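Structure record follows, encoded as structure tokens.
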Amino acid sequence: MREINVAEVTKTVRQMCIDVNYELSEDMQAALKKAQNEEESELGKTIFSKLQENLVIAKEDQIPICQDTGMAVFFFKIGQDVHFVGGNLTDAINEGVRQGYTDGYLRKSVVGDPLIRKNTGDNTPAVVHYDIVPGDGVTITCAPKGFGSENMSRVFMLKPADGEEGVKNAIVQSVLDAGPNACPPMVVGVGIGGTFEKCAEMAKEALTRPVGQHSEIDYVKDMEEEVLNRINATGIGPAGLGGKITALAVNINTYATHIAGLPVAVNICCHVNRHITREI
Ligand code: SF4
């Protein structure tokens, strides 16, 4: 059994919140550069150069890439041979978020109650997904989510008879409904299968898969490519001002489901698709 003091989690989470908001991951940077070369519309090309300029300024001046620094979302994969000591793990994560968003001058966007709507003042609480895995390590992925794109996400409880075509149509329709509101070019995370909540969680985690890395399941990989082509044929384009590149990637995760259902979740992310992973 390996002991980990939760103070180490707080320290790691604090730094992750800052780093993820100041600089995009290498896969996203590469995808944006590739998209800039492929975009054909003049206005689209201009939007891409502005996005690049924004990324350089954020990195050099150590300021957030976007004013919406998101609600902090984490995926914790915890080895079953780990024993946390020194306090409560969830409290330690929230303390890291509190410190990161305060010390990094990141916008505090969280209200403590969805209807009373008083800002908590420190961007807590975070949304944390825990998974128990073999071993004695801890893998932490931080993916803060802006709500321009989160608000355009959807869950569909399709019928099994809707099949693959029904799934593809649901994804494309979600992107059409999102239009410019999701700050394109987007990354589209999709969860197919499971239950109502499982498919939504899979769609969220799919956004953290490096752009350019496809599903290992052949028919799912084909769907990712086909749906991306259909989305880019809509002409929504960068910033919704028209063009060839509306999405950078469609990442699909799948899971077993019930004989009577075909749940599909579409979690849309903007061009600021922030994700960072650290090991403890
Ligand atoms: S959706 Fe993304 S790019 Fe748009 S405001 Fe929110 S975080 Fe920023």
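The values are calculated or read from the model by the stated rules, or taken from the named source; none is laboratory data. Predicted model, so just to flag it, every value in this text is computed and none were measured. Cβ atoms come from the backbone with ideal geometry, glycine included; neighbour counts cover every protein chain shown.
Things worth noting here:
- Residue match in the range 216-223 (condition: surrounded by fewer than 23 Cβ atoms within 10 Å (Cβ to Cβ), within 16 Å of the ligand (Cβ to nearest atom) and more than 16 Å from SER149 (Cβ to Cβ)): no
- Checking each residue in the range 64-81 for being surrounded by 15 or more Cβ atoms within 10 Å (Cβ to Cβ) and either within 29 Å of ALA233 (Cα to Cα) or within 16 Å of the ligand (Cβ to nearest atom) (or both) picks out PRO64, ILE65, CYS66, ASP68, THR69, GLY70, MET71, ALA72, VAL73.
- All told, ILE132 meets the bar of being of a type in the set (A, V, I, L, M, F, W, C), touching a Lys or Arg at 6+ places or on another chain (Cβ under 9 Å) and under 26 Å from LYS77 (Cβ atoms).
- Residue satisfying condition, being within 21 Å of ASN181 (Cα to Cα), modelled with pLDDT of 95 or more and within 16 Å of the ligand (Cβ to nearest atom), within set LEU228, LEU248: LEU248
- Taking the conditions (1) touching a Lys or Arg at 6+ places or on another chain (Cβ under 6 Å); (2) surrounded by fewer than 20 Cβ atoms within 10 Å (Cβ to Cβ) in turn, ILE140 satisfies each one other than (2).
- The number of residues in the range 257-276 that are outside any strand (DSSP E or B), away from the ligand (no atom under 12 Å from the Cβ) and touching a strand residue (DSSP E or B) at 6+ places or on another chain (Cβ under 7 Å) comes to 2.
- Residues that are among the small types (Gly, Ala, Ser) and either at positive phi or surrounded by fewer than 23 Cβ atoms within 10 Å (Cβ to Cβ) (or both), drawn from the range 158-215: ALA161, GLY163, GLY166, ALA170, GLY179, GLY193, GLY194, ALA200, GLY212, SER215
- Residues in the range 127-178 that are assigned to a helix (DSSP H, G or I), polar (S, T, N, Q) and within 16 Å of the ligand (Cβ to nearest atom): SER149, SER174.
- LYS33 being away from the ligand (no atom under 16 Å from the Cβ), in contact with an Asp or Glu (Cβ under 6 Å, 6 or more places away or on another chain), at pLDDT 95 or above and of a type in the set (Lys, Arg): no
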